[in-house]
1. So which pairs qualify, if the first residue must be in region 103-130 and on the phi > 0 side of the Ramachandran plot and surrounded by fewer than 17 Cβ atoms within 10 Å (Cβ to Cβ), the second must be among the acidic types (Asp, Glu) and part of a loop (DSSP other than H, G, I, E, B), the Cβ gap must be under 9 Å, and the two must be at least 6 apart or on different chains?
2. Within region 160-178, can you find the residues that are surrounded by fewer than 23 Cβ atoms within 10 Å (Cβ to Cβ) and under 11 Å from Gly127 (Cα atoms)?
3. Kindly provide the set of residues from region 143-158 that are more than 11 Å from Gly169 (Cα to Cα) and either out of contact with any strand residue (DSSP E or B) (no Cβ under 6 Å at 6 or more places or on another chain) or small (Gly, Ala, Ser) (or both), ordered by number.
4. Step by step: first the residues of region 146-196, then only those that are among the charged types (D, E, K, R) and under 17 Å from the mean Cα position of the chain (by Cα), then the one that is farthest from Val5 (Cα to Cα). Which residue is that?
5. Looking only at strands (runs of 3 or more DSSP E) that fall completely inside region 152-199, which ones have 3 or more residues that are of a type outside the set (Val, Ile, Thr)?
6. Hey, any hits in region 46-61 for a residue that's among the β-branched types (Val, Ile, Thr), at pLDDT 95 or above and under 14 Å from Phe110 (Cβ atoms)?
7. Residues of region 131-149 being of a type outside the set (Asp, Glu), outside any strand (DSSP E or B) and either in contact with a His (Cβ under 9 Å, 6 or more places away or on another chain) or on the phi > 0 side of the Ramachandran plot (or both), which ones?
8. Of everything in region 7-41 that's within 24 Å of Pro136 (Cβ to Cβ) and of a type in the set (Gly, Ala, Ser), which residue is surrounded by the most Cβ atoms within 10 Å (Cβ to Cβ)?
Amino acid sequence: MLLLVSDIHADFEEADALVAMSHAADLVVVAGDIANVHRGMRETIDILKVIDKPTVLVPGNNETFDDLQAACRSWSSATVLHGSGCEINGRQYFGIGGGIPVTPFGAWSFDFTEEQAAELLNDMPRGAVLVSHSPPKGYCDQSSTGRSLGSTAILTAIEQKNPELVVCGHIHGSGGQMTTVGNTTIINAGPEGVTYEFA
């Protein structure tokens, strides 16, 4: 069983709750935004790093890849992905972090253009589990005002590579939602945690 989460935003109570939930999981996926505008990430990781199950993380737009990697250095069961992949229990995982497309938040936000995202997704294996901070365009990407804010590059990668599962976050208005694109299940995990069983 997978425990999926995103957008903790340095909420230490949420982090404590996830640690408790992780005891029943085989693997934990954190789809970005551990920090809140670069603050509170190390403290949040210090809470989460007692999780001894394999844990896959990508950076959100509230922290950088380098900072997340550094914060997770002493977390032995964690793997941080961004434009890269790994294999856990015989299943391929591939990650892409950051806000895609570029957010309106300004220079502090860890963002990528659609073109940069397409390049980062080039090496994703067919049929892998995709962990992406940003959702695909038109799926689990509606803001609280009803705007579709997802990424066309991520949607194209899903259509071309047919991942088994996509775990995303970023758009809080769609947190906890699940849908499909073809045979691919897409879950905007949200901060409260969602469990998922492979068929």
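The values are calculated or read from the model by the stated rules, or taken from the named source; none is laboratory data. Because the structure is predicted, anything quoted here is derived from the model rather than measured. Every residue, glycine among them, receives a Cβ derived from its backbone with ideal geometry; neighbour counts consider all protein chains shown.
1. Gly127/Glu164
2. Let us first name the residues in region 160-178 that are surrounded by fewer than 23 Cβ atoms within 10 Å (Cβ to Cβ), namely 160-162, 164-165, 172-173, 175-178.
Listed by number, the residues that qualify are Gln160, Lys161, Asn162, Glu164, Leu165.
3. Of all residues in region 143-158, those more than 11 Å from Gly169 (Cα to Cα) come to 143-149, 151-158.
Listed by number, the residues that qualify are Ser143, Ser144, Thr145, Gly146, Arg147, Ser148, Leu149, Ser151, Thr152, Ala153, Thr156, Ala157.
4. The first filter runs over region 146-196 and keeps only residues among the charged types (D, E, K, R), leaving 147, 159, 161, 164, 192.
Going one step further and asking which of them are under 17 Å from the mean Cα position of the chain (by Cα), we end up with 164, 192.
Details: Glu164: 17, Glu192: 7 Å.
Within region 146-196, the match that is farthest from Val5 (Cα to Cα) is Glu164.
5. Numbers: elements: 165-168, 178-181, 184-188, 194-196.
Here the list is empty.
6. Looking only at region 46-61, we keep the residues that are among the β-branched types (Val, Ile, Thr), and these are 47, 50-51, 55-56, 58.
Keeping just the survivors that are at pLDDT 95 or above gives 47, 50-51, 55-56, 58.
Adding the requirement that they be under 14 Å from Phe110 (Cβ atoms) leaves 58.
Looking for residues that are among the β-branched types (Val, Ile, Thr), at pLDDT 95 or above and under 14 Å from Phe110 (Cβ atoms), one finds at least one in region 46-61, hence yes.
7. Taking region 131-149 and keeping what is of a type outside the set (Asp, Glu), we get 131-140, 142-149.
Next, from what is left, pick out any that are outside any strand (DSSP E or B): 133-135, 137-140, 143-147, 149.
Within region 131-149, His133, Ser134, Pro135, Gly138, Cys140, Ser143, Ser144, Gly146, Leu149 qualify.
8. Residues of region 7-41 within 24 Å of Pro136 (Cβ to Cβ): 7-9, 27-35.
Those still in the list that are of a type in the set (Gly, Ala, Ser) too: 31-32, 35.
Working: Ala31: 31, Gly32: 33, Ala35: 26.
That would be Gly32.
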